[in-house]
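Read through the structure below, which is laid out as structure tokens, and then see the notes.
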Amino acid sequence: MIGTGVAGLTSALRLQLAHPSWRVVALGDEQGAETTTAGAAGVWGPFKLSETPAEDVVRWSSETYAHLLALAHSPEADDAGVSRLRATTLRTAAAAAAAAAASPPLAPLPYWADAVGGASAFSRVPDAELRLFSSGLLRAAGDAGLPPLPPHLCRFGFGDSSSSSSSSSSSSSSSRNRGEEEEDEGDELRAGTAPLGPDPHAAPFVDGFTWPTAVCEGGPYLRWLTRRVRAAGGSVRRHRVGSVARLASGAERLPPAPPEEEGGEEEEEGEAGADDGGDRPPGGFDAVVDAAGLRAPALFPDDAARVYPIRGHVLRVRAPWVREALFAETGHNGGTGVYVLPNRDSVVIGGTGGVGDGDRAPRLAERAAILRAALALVPSLARAEPVGEWVGLRPGRTRARVGVTEWLPLDDAGGRRSAVPVCHNYGHGGSGLTLAWGCAADVVAAVERALGGMRSP
């Protein structure tokens, strides 16, 4: 298994559970808090899926939602970071028109509505509530805009180390400074004196619905998946794969199994396993699953033209009174709009959806826009305590590549075989946590087909 984000670890677990006699080894050079998964808010809902067929999205997301609900009702809910949640989607006239014209349709209900129980699970937001939700937006649209930010909301530590790394690309130092004008704006933001000027896109909400969902927080869920993989007999190791062919043939040395897989203490998060003194599986691996996300083109260059980053910028605040997920669709900002999503210890507000933008440095103008939109939607966030700022790169692709198998020629197979099956599982955009468990089922089926029912001794 190449990749230890949510796509890789769900696939590793489902493979190991389906075939206890197999030995599944998940390899990733970025794990836990270093992954894009860990930075996500984790509220279930298909998002940024490009040309992926709607029937696949519904199938994958439905199975994942059922898995999350089962976890939410189990004793493991807390460990897994999973709970039930109510969400409200709000739409301006422009957003409502775009939803009606979308293919597949997003109105009057989203095409994936059956995954959460169909029409009966949705309720329309009353007009009186739409007016209440709209009141802040209309203030933001006025000549004066919104008042300056409260000083405490300017303490997100722009450009510091609070933004965790992701499995994508690193930011350059030059990208942190975007001209003297933005630097001046940054000084004002930090001082709490910059007014949030009129929002040219602000408009009242004309429609909305409330629906059931679940929140699956990436950090706890990855830790839970890792423990489950190891308990089932698999292995999760820190390793950057250099060559898929050498890995599959057994020529690439792996780090040793971490102490917790041998009955020792669990390693500290972020501590890399040693690369020397490792092992080479005798005869290599019988199959490879590629869940490398944005790194997949580095391993399989023929797919590079189809893979691209989708830049997401979010802020986390402490606001325990916010207990419902809000998605405000405004018809601009690439369709992302604004969202306010509660987690257990913080509330995630965002966001952006920069297709093809691989810059991981926070941007002051984006932060101001996110804060303006969030405070217009939920004015009480003015009293929230800043927790952190994060930019991550979602793994976009022209179409999610799930369950697709190719045969990779081997350079050093010792005469035992000339090729190994590689099953791909990446390109989920911003819906990784929403689709992962369902996509993992397709991975299991694809590996089984490729190996023809083979069982390891």
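No value in this document is a laboratory result; all are computed from the given coordinates. Being a predicted model, the structure only gives us computed values, none of them experimental. Positions of Cβ are generated from backbone atoms using ideal geometry, with glycine treated the same way; all protein chains shown enter the neighbour counts.
Can you tell me the order of 297-305, 439-447, 209-217 when each peptide is scored by its average per-residue count of other Cβ atoms within 10 angstrom, highest first?
In decreasing order of mean packing, 297-305, 439-447, 209-217 become 439-447, 209-217, 297-305.
Report Rg(Cα)/(2.2 N^0.38 Å) for segment 17-132, keeping two decimals.
1.34
Check each of the GluC sites (Glu not before Pro) in segment 1-58 and keep only those in coil by DSSP with at most 13 other C-beta atoms within 10 angstrom; list them in order.
Within segment 1-58, the qualifying GluC sites (Glu not before Pro) (loop, at most 13 other Cβ atoms within 10 Å) are Glu51.
Using θ = phi - 60° and the Karplus form 6.51 cos²θ - 1.76 cosθ + 1.60, what ³J(HN,Hα) does each residue of segment 346-362 get, whole Hz, x for Gly and Pro?
Result, ordered by residue: 7, 10, 8, 10, x, x, 10, x, x, 5, x, 9, x, 7, 9, 7, x Hz.
Taking amide hydrogens as modeled 1.01 Å from N in the peptide plane, which residues meet the under 5 Å criterion relative to Asp207, leaving out close sequence neighbours?
Arg91
Check Asp357: other-chain or 5+ apart residues with amide H under 5 Å from its amide H, H built from backbone geometry?
Amide H to amide H, under 5 Å and 5 or more residues apart or across chains, Asp357 pairs with Arg311.
For a quick check: with amide H placed at 1.01 Å from N, whose amide H comes under 5 Å from Val404's, ignoring anything fewer than 5 positions away on the same chain?
HN-HN under 5 Å from Val404: His424.
How compact is segment 378-445 by the rule of thumb for globular proteins, expressed as Cα Rg over 2.2 N^0.38 Å?
Output field value: 1.84.
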